[in-house]
Amino acid sequence: MRSSHPQLQTILDKTPKSAASRSKESAVITGKRLQDIIHTFKNLHIGVVGDFFLDAYFDCDPILDEKSIETGKTCYQVVRTRRYAGAAGTVAANLKALGVDKVDIVGFCGDDGEGYELRRAMVNLNLILEGFFPCPDRFTPTYGKPCYVDSGARNPNAISELERLDIKNRRSTPISIQNKMMAYIRNHLDIWDGLVIVDQVSTPNCGVLTSRMRRFLIGESRCRPDLPFLVDSREHIHLFEHMILKPNQFEAARAVGRGRLKPTFKDSTEHAHALSTKACCPVFLTLAEKGMLVANGPRVDHAPSFSVDGPTDPVGAGDSASAALVASLSAGTTLLEAADIGNIVASITVQQIGATGTAPPAQIKRRHREIARHGL
């Protein structure tokens, strides 16, 4: 197949022309190849454009619960607080954990306490913050996450999450801040090896990825066919074109107007094909414990996941997969190689309970050896 879009054709030219569906036994990634790709990560400079949230964890000891005298409701007793860069920040954190040398972030926060905590978390990750702008009339998007932890433990682990508190912007993003972000992106595209776009805010035009910003990025992607643009969007994946898309099975179903409670594997295969055809670019459709579908035009491959033992927490697994995909593609992999690395990374992060997990190179190599040894 020849594509009308150069970015798609560049990737297709590197993709094996073998039969569509593959099994675990015919996995494309070898230990030596994986090591070479991971080694390349340290030379990369990747941009992350999107909605950066503060993940604020409030660890509560259930034994210390009190009843409010006034209301009779439970007063949760916080014994520890934790702050992380969430949403697009999780993708950026995973890129740094993978060993990517320079991670440039583009977005905004409010001029508030949550913004201070978010910036501090990102400084600790050694992210480049020149394109991250404070905006006095905006909230810093925040997920407040009260959690129960093991009672009495010296380093208590989270055992369950309570009702979440969300802080979001519900007014349109000012044009002035959009202009600053666009100017920064335009001035840095020539030095970036890849770009990941994280559209977390569902309310139209209230986050970073406004309709205006989306049109701008689509135009820039057309002008730079050799630069991987990868998009992860909760509600608007169908509005992005000429960029690599990474929806989950439910987002893809909604995007093609076939929303179901639980799409079947066959449904998701059709959805991946439809999205790839419409966007004129590859699609990585994630299937949770079943791995990923990799679609480019009429061809759809299945990259199976790898089984893990013990309890799992899916929060952040999609973001870690996004980081692995864009880093791998920026390093020059094929689509299926990128999918394998994304699945390995996700199999590690889902085992990190009560936190937005990451997967450093040593863990990736160790998990790959486990997979090769046991055929997980």
Of all DSSP beta bridges in the chain, what percent run antiparallel (nearest 5)?
45
How about Lys73: which lysines have a C-alpha closer than 20 Å to its C-alpha, ignoring those fewer than 8 places off in the same chain?
Lys145
Output ³J(HN,Hα) for region 326-334: one whole-Hz value per residue in order, computed from phi by the Karplus curve 6.51 cos²θ - 1.76 cosθ + 1.60 with θ = phi - 60°, and x for Gly and Pro.
5, 5, 5, 5, 5, 7, x, 6, 7
Of the residues Gln77, Gln351, Gln178, which exhibits the maximal mean-square fluctuation in a Gaussian network model of the chain defined by a 10 Å Cα contact cut-off?
Gln77
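Based on DSSP, what percent of beta bridges with both residues in region 135-258 are antiparallel, to the nearest 5?
So the antiparallel bridges amount to about 45 percent of the total.
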Span from the region 204-261 Cα centroid across to the region 163-196 one, whole angstrom
14
Give the angle, between 0 and 90 degrees and rounded to the nearest 10, that separates the Cα long axis of helix 175-188 from the longest principal axis of the Cα atoms of the chain.
50
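Given a Förster radius of 22 Å and the C-beta distance between Arg224 and Asn43 as r, what FRET efficiency does 1/(1 + (r/R0)^6) yield to the nearest 0.05? Provide the component values of the computation, followed by the final result.
Values: r = 19 Å, r/R0 = 0.86.
Calculated value: 0.70.
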Tell me the relative contact order for region 128-206 as a rounded percent, counting alpha carbon contacts under 8 Å between residues six or more apart.
29
Take the chain, mark every one of the GluC sites (Glu not before Pro) that falls in a DSSP loop and has at most 12 other Cβ within 10 Å, then report the longest stretch left between them, sites excluded.
164-376
Shape category assigned to region 126-167 from the gyration tensor of Cα positions, a/c cut at 1.5
oblate
Could you pull out every one of the lysines with an alpha carbon less than 20 Å from that of Lys42, ignoring same-chain neighbours closer than 8 positions?
Lys32, Lys96, Lys102, Lys365
Starting from a Cα-only point model with no solvent, please compute log10 I(q)/I(0) by Debye for the chain at q = 0.09 1/Å.
-0.50
Additional length obtainable on full extension of the chain from Lys67 to Asp111, 0.36 nm per residue less Cα span
12.4 nm
Determine the percent antiparallel among the DSSP beta bridges restricted to region 81-186, to the nearest 5.
50
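The numbers here are math on the coordinates, done by the rules we state, and not lab data. Quick caveat, the model's predicted, so the values are computed rather than measured. Glycine gets a Cβ as well: all are built from the backbone with ideal geometry, and neighbour counts include every protein chain shown.
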